[in-house]
Amino acid sequence: MARCSRDVSMLTLSVALGPRAYPIHIGQGLVRGAGALIAPMLAFPRTVIVSNPVVAAHWLAPLRDSLAAKAIATDVILVPDGEAHKSWASAYDVLTRLLELKVERSTTVLALGGGVVGDLAGFAAAVCQRGMPFVQIPTTLLAQVDSSVGGKTGVNHPRGKNLIGAFHQPRAVVIDTDCLHTLPDRELCAGLAEVIKYGAIRDRGFFDWLETHLEALLAREADALAHAIGESCRIKAEIVAADEREEGERAHLNFGHTFGHAIEAGAGYGEWLHGEAVAAGMVMAATLSERLGMIDDADVDRLRSLLRRARLPVAGPLLGVERYLDLMGRDKKVLGGTLRFVLLRSLGNACVSSKVPPATLASLLR
């Protein structure tokens, strides 16, 4: 279970993984205070920051100043921006640069950026020197509520999303809500898809809250954002602590992702933002749940309506039934050659099922 504490300006949650437990710090101004948060956990005061030019223009200097104030040395690796660069080639470039910098196992990798940077940097940290310490400093809403927590790292392959990777838990996650003020509107909305997901799969009360406060989130009101991020991280931390390697309940976090990953790969990485594809995928999964008699029409309509209000797509592209099935057949939830889907019994109550008649699925994909 996630544990939490709060001071005047910061909420701290804990991902309870025994000796590998780590904190999630959430608050304003935390990039500028990152040195104080990170210093106590460093075996040696040296870090390598992995970021991209867009994020670095806003947040690299304050982060380096914060680390320097604690006598922590830094090097920087910049990677190109965008999902198209979450690739084996980019990972190889990061690893090459780490080796050129003569990193040691005691050197800490800091991921400063969104999900692409976090996944790339985390994967490099997982395999370089057979494992280096790693800290996530996510700067997009999607990364703050999802990809920075839980230890999944990796890169995409032309045959499917996130098919090359490793579990490598961070030593800490530092979430600065001020970073969201430099985030483009489209990226903010994409992050809201993952926030809405948490209410849909596990907490109907949180889903109700999102329906009431969505406009405040779109307006980037600080209190609303802090609450949404805190609740999302709390839910994910509880699930990860109970099922780190996705052998059971953690699969619920992939609600909408079986369809969403197929959309991303089929349309071409970067054409759809991850959150946009997940939004359409959640509606597809909820509609499939309704056609299987598991969920009421009213709940599907509530989910669709909330996603529309969040300025997100609610239907996937027409890739064709065979193309969808081919791409979904590479999904990591496939077991014994059988597709498994995260479906809804009701809002706030998810399950995994492989009992989907082929004709029902084909009809949906048309």
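The values are calculated or read from the model by the stated rules, or taken from the named source; none is laboratory data. Quick caveat, the model's predicted, so the values are computed rather than measured. With ideal geometry, Cβ positions are generated from the backbone for all residues, glycine too; neighbour counts draw on all protein chains shown.
Observations on the structure shown:
- Verdict on Gly122 being of a type outside the set (D, E, K, R), without any contact (Cβ under 8 Å) to a residue 40 or more places away in the chain, within 23 Å of Glu244 (Cβ to Cβ) and buried (at least 21 other Cβ atoms within 10 Å of the Cβ): no
- Number of the exception - Leu210 against (1) surrounded by 19 or more Cβ atoms within 10 Å (Cβ to Cβ); (2) within 18 Å of Leu13 (Cα to Cα): (2)
- The single residue among Val300, Val314 that is in the same structural domain as Leu217 (by TED's automatic domain parsing) and over 15 Å from Ala190 (Cα atoms) turns out to be Val300.
- Residues of the range 1-37 satisfying the condition of being among the aliphatic types (A, V, I, L, M), surrounded by fewer than 14 Cβ atoms within 10 Å (Cβ to Cβ) and modelled with pLDDT under 95: Met1, Val8
- Glu246 of a type outside the set (Ser, Thr, Tyr) and in contact with an Asp or Glu (Cβ under 8 Å, 6 or more places away or on another chain): no
- Considering (1) closer than 23 Å to Leu192 by Cβ; (2) out of contact with any Asp or Glu (no Cβ under 7 Å at 6 or more places or on another chain), the lone condition that Pro158 does not fulfil carries the number (1).
- Top-ranked residue of the range 294-318 - restricted to ones that are touching a Phe, Trp or Tyr at 6+ places or on another chain (Cβ under 9 Å) and closer than 28 Å to His213 by Cβ, ranked as surrounded by the fewest Cβ atoms within 10 Å (Cβ to Cβ): Arg302
- Residues of the range 61-98 classified as buried (at least 20 other Cβ atoms within 10 Å of the Cβ) and among the β-branched types (Val, Ile, Thr), total: 4
- Picking from residues in the range 183-206 that are touching a residue at least 60 places away in the same chain (Cβ under 8 Å) and not in a helix (DSSP H, G or I), the one that is farthest from Leu253 (Cα to Cα) is Asp203.
- Within the range 260-271, the set of residues being under 16 Å from the mean Cα position of the chain (by Cα) and at pLDDT 95 or above comprises Gly260 only.
- Scan of the range 218-243 for residues that are surrounded by fewer than 17 Cβ atoms within 10 Å (Cβ to Cβ) and either in a helix (DSSP H, G or I) or at negative phi (or both), ordered by number: Leu218, Ala219, Glu221, Ala222, Asp223, Ala242, Asp243
- Output for the range 68-120, where each listed residue is of a type in the set (Lys, Arg) and closer than 17 Å to Val54 by Cβ: Lys86
- Members of the range 60-88 that are of a type outside the set (A, V, I, L, M), in contact with a strand residue (DSSP E or B) (Cβ under 6 Å, 6 or more places away or on another chain) and in contact (Cβ under 8 Å) with a residue 60 or more places away in the chain: Glu83, Lys86, Ser87, Trp88
- Selection from the range 137-169 of residues that are under 18 Å from Ala91 (Cα atoms) and of a type in the set (A, V, I, L, M, F, W, C): Val155, Leu163, Ile164, Ala166, Phe167
This table checks each residue for (1) in contact with a His (Cβ under 8 Å, 6 or more places away or on another chain); (2) in the same structural domain as Arg250 (by TED's automatic domain parsing).
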site	(1), (2)
Val145	no, no
Lys152	no, no
Ile164	yes, no
Lys197	no, yes
Leu214	no, yes
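- Residue-level analysis places Val321 among those that are β-branched (Val, Ile, Thr), surrounded by fewer than 18 Cβ atoms within 10 Å (Cβ to Cβ) and farther than 22 Å from Arg186 by Cα.
- Residue, surrounded by the most Cβ atoms within 10 Å (Cβ to Cβ), within the range 38-59, restricted to residues that are more than 21 Å from Phe123 (Cβ to Cβ) and under 22 Å from the mean Cα position of the chain (by Cα): Trp59
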